[in-house]
Structure formats: structure tokens, C-alpha cells
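The values are calculated or read from the model by the stated rules, or taken from the named source; none is laboratory data. Keep in mind it's a predicted model, so treat the numbers as computed, not measured. Methodologically, a virtual Cβ is constructed for each residue, glycine included, from the backbone with ideal geometry; neighbour enumeration extends over all protein chains shown. These accessible areas exclude ligands, DNA and RNA; they are computed on the full protein's heavy atoms, side chains included. Shrake-Rupley method; radii C 1.70, N 1.55, O 1.52, S 1.80 Å.
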Amino acid sequence: MDSCISNQAALPFLPSRSRRQSGDGGGGFLFPAKRKIRYSSMVVVAAAGPSRCEPGSSLNAPLEPRSAQGRFLRSVLLNKRQLFHYAAADELKQLADGREAALARMSLSSGSDEASLHRRIAQLKERYCKTAVQDIMYMLIFYKYSEIRVPLVPKLSRCIYNGRLEIWPPKDWELESIYSCDALEIIKEHVSAVIGLRVNSCVSDNWATTQIQKLHLRKVYTASILYGYFLKSASLRHQLECSLSDVHGSGYLRSPIFGCSFTTGTAQISNKQQLRHYISEFDPETLQRCAKPRTEEARNLIEKQSLALFGTEESDETIVTSFSSLKRLVLEAVAFGTFLWDTELYVDGAYKLKENGNAEEQEGKRSI
């Protein structure tokens, strides 16, 4: 199966220079500090989900957790929601401590008869932790959707009846509420471009039907996740550059968040106050850094979410659906990318994630 994740796919419709708005990318959040807490035992009752694409009482996400950590956090979210972030922080700390301990034992046993054994244990521990931390990241993203009262679309096969796809409720307002005005204008243009519906369409236009190949819809969904990731990265970079310009005036600065250097100056920044104009002046290298997931775990989550939603079969099946349902899917995907950026940054601070990139791309590349 060919991967849909590429820098070109992530940026199919960059904003033009003609219209300008101001603001940030939205979607940021803070987590409580990590601390040790004790959790009471919980029992989760499994029940069949709703027959249609509607929110139910269970976590109706397309991707099921594969690790004990992911299943535990799912039960916390269902039963002890107020403890969710503390539980996630504690699980991340335990994973980090366990991985470090395995690596330390491998290092200490170097040159001994047990060296190969401890090396194998460390490899297995790393593999287990990789699955677990991705589950934790997914549950953190799911929590962000729950904060704005948006249920993730379940497996698409559950939403297709007689070749027709319908997703209800639309949740457009909730999915748009996480962005600033200027970022939202850019996102609306992206949605309009990928589904073929004008930005200021009327209600009757939204409920009009159209046809789309399932494989193409999958590519649009994946590209929209990357678009949301890109826009959040670019928005924060824009905010940081403007704020440093206000504080320090002109000069050469190094971003503590993005790990990149740039020159600031009053004249230069004043021309970049608008997010749209700022993004339009990105050079190819900057576009690549902002659009590419920084870590392997983030990249894998994008692939797994797409696979879980659309299935593994690459079918050229044509689906009849409404523009409203297409818009719902694309807005969800853009929000997923936004939440993924936040989650990746938070998790990387507690559990060091693996830098993304092929071997031939590593040389000369800098993470944002």
C-alpha cells in the first residue's frame, strides 16, 4: 500500500497573498504537571456501538488501543474523566523509566555473557513502549475532541449504506471553534478546494449530493491531517517570530521551540503580521519542516488513523455522499493534525520520541 503521507500532499492548497487575516492556529492546550496518584479499580462494560454515525455512550473511535496503557486510559476517560491527564502523565513517566532502566542494564552488561540477552530485552522494551506511547497520544487527541463535544467518525464502513455515505451530526461550528479568525479563513479555503464547494455556500448546497472514489477520499483525509499539522506549526512559528520582534527589536534569534534561527527586524516583521502573507513567503525548506511530522510516532498515528477509518483495502469504489459529510470529514482531519501537533510536543517532553525521517533525509535536516 502506497503511503499518502508526503509533503506535497500535505500542502495542496497554500493560501494566496491577496487576502490577509491575522491570528494564530488555535488548538493549543496545557496539561497538569505529572504527579504520582493512586487509581481505584475500574470495570468497563463493552457494548455494541450505535448502528449509525452518531455519538454513543462509549468511545466510538476507529482506532482501538493495542496496549494495556491505551486500554487503561480509555477506561479512565469513560469512568474518571477528571483524572485523565494525571493518569496519562503517570503512564508516560512509567514508560520512560522502564525504557531507561532497560537501556542502563544493556549498557552495564556490555562485554559480559549476558550482553546479548539484555540487548534483546532492551529491543523488546523499545518496541512495546512505541506501541504504548502511540496509544497514549491517540487517547490525548481523543480527549481534545471530547472537550469540544465532537465524536470521531467511526470506521467508515459503518457509515455507508447502499453505497451512500452520511455522517451526522455535522459539528462544523465545534470543529471550527478551535481556530483564530485568520487561520479559519485559510482552513475554509482548504476545505472548499478539496471537496469542490464554495466557501460561503448555502444550506441547500451543503446537502447536495456528489460522488467521490473512496481511495481519493482517503488521500484527502490524510492530506488534511497534515495540513492541520502544518498550519499549527506555521501559526506558532509566526506568533513566536512576531513576539520576539516586539521584545528584542531587530537581531539574530534562535527559536527555543522550533530549533531554527532567523533574523528579525521591525520592518521585516511588520510585513509578516498577517498569517496568510507570512505562510506565502515560506521557502521550500521551511515548508518541508513545517509540514513533515517531527516524530515517527506522529507519522505512524496518521497512517493508523487513516487505515482504521477507511480500512486496509484500496478500493476504487465510488461513494455517493453529501458535501456536508465531506466537509465533516475534512474538518475532523484538519483538527486531528492540530491536536497531533500539541500532543506530540507534550509527550516528547515526558517521553523522548523518535525523530522522523528517512536515512537519506537526515543529513542537513533540522526539526522544527
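For segment 78-100, give me each residue that is modelled with pLDDT of 95 or more and of a type in the set (A, V, I, L, M).
83, 87, 88, 89, 92, 95, 96
With the structure loaded, tell me whether residue 192 is surrounded by fewer than 17 Cβ atoms within 10 Å (Cβ to Cβ), part of a helix (DSSP H, G or I) and polar (S, T, N, Q) or whether it fails that test.
For residue 192, the condition - surrounded by fewer than 17 Cβ atoms within 10 Å (Cβ to Cβ), part of a helix (DSSP H, G or I) and polar (S, T, N, Q) - is not met.
Can you tell me which residue is farthest from residue 302 (Cα to Cα) among those in segment 112-134 that are open to solvent by 80 Å² or more (accessible area, probe 1.4 Å) and not aliphatic (A, V, I, L, M)?
Step by step, filter segment 112-134, then rank; the result is 113.
So which residues in segment 59-78 are open to solvent by less than 30 Å² (accessible area, probe 1.4 Å), in a helix (DSSP H, G or I) and within 15 Å of residue 128 (Cα to Cα)? Step through it out loud before you land on a result.
Filtering segment 59-78 down to residues open to solvent by less than 30 Å² (accessible area, probe 1.4 Å) leaves 60-62, 65, 67, 69-70, 73, 75-77.
Subset that is in a helix (DSSP H, G or I): 69-70, 73, 75-77.
Selection gives 69, 70.
Working carefully through the options 172, 182, find the one that is at pLDDT below 90 and within 28 Å of residue 346 (Cα to Cα).
Values: 172 fails: at pLDDT below 90.
Checking each option against the conditions leaves just 182.
Could you say whether any residue in segment 223-244 is in contact (Cβ under 8 Å) with a residue 60 or more places away in the chain, over 30 Å from residue 80 (Cβ atoms) and among the acidic types (Asp, Glu)?
no
Is it the case that some residue within segment 196-218 is buried (at least 20 other Cβ atoms within 10 Å of the Cβ), among the β-branched types (Val, Ile, Thr) and at pLDDT 85 or above?
No, that holds for no residue.
Of everything in segment 79-105, what is basic (Lys, Arg) and in a helix (DSSP H, G or I)? Give them in sequence order.
81, 93, 99, 105
For residue 229, are the conditions met, namely being crowded, with 18+ Cβ neighbours inside 10 Å and in contact with a Phe, Trp or Tyr (Cβ under 7 Å, 6 or more places away or on another chain)? Step through it out loud before you land on a result.
Working: crowded, with 18+ Cβ neighbours inside 10 Å: yes; in contact with a Phe, Trp or Tyr (Cβ under 7 Å, 6 or more places away or on another chain): yes.
Yes.
Of everything in segment 170-189, what is closer than 24 Å to residue 238 by Cα, open to solvent by less than 50 Å² (accessible area, probe 1.4 Å) and not in a helix (DSSP H, G or I)? Give them in sequence order.
178, 179, 180
What is the residue count in segment 274-322 for residues that are open to solvent by 30 Å² or more (accessible area, probe 1.4 Å), within 15 Å of residue 221 (Cα to Cα) and either touching a residue at least 24 places away in the same chain (Cβ under 8 Å) or outside any helix (DSSP H, G or I) (or both)?
5
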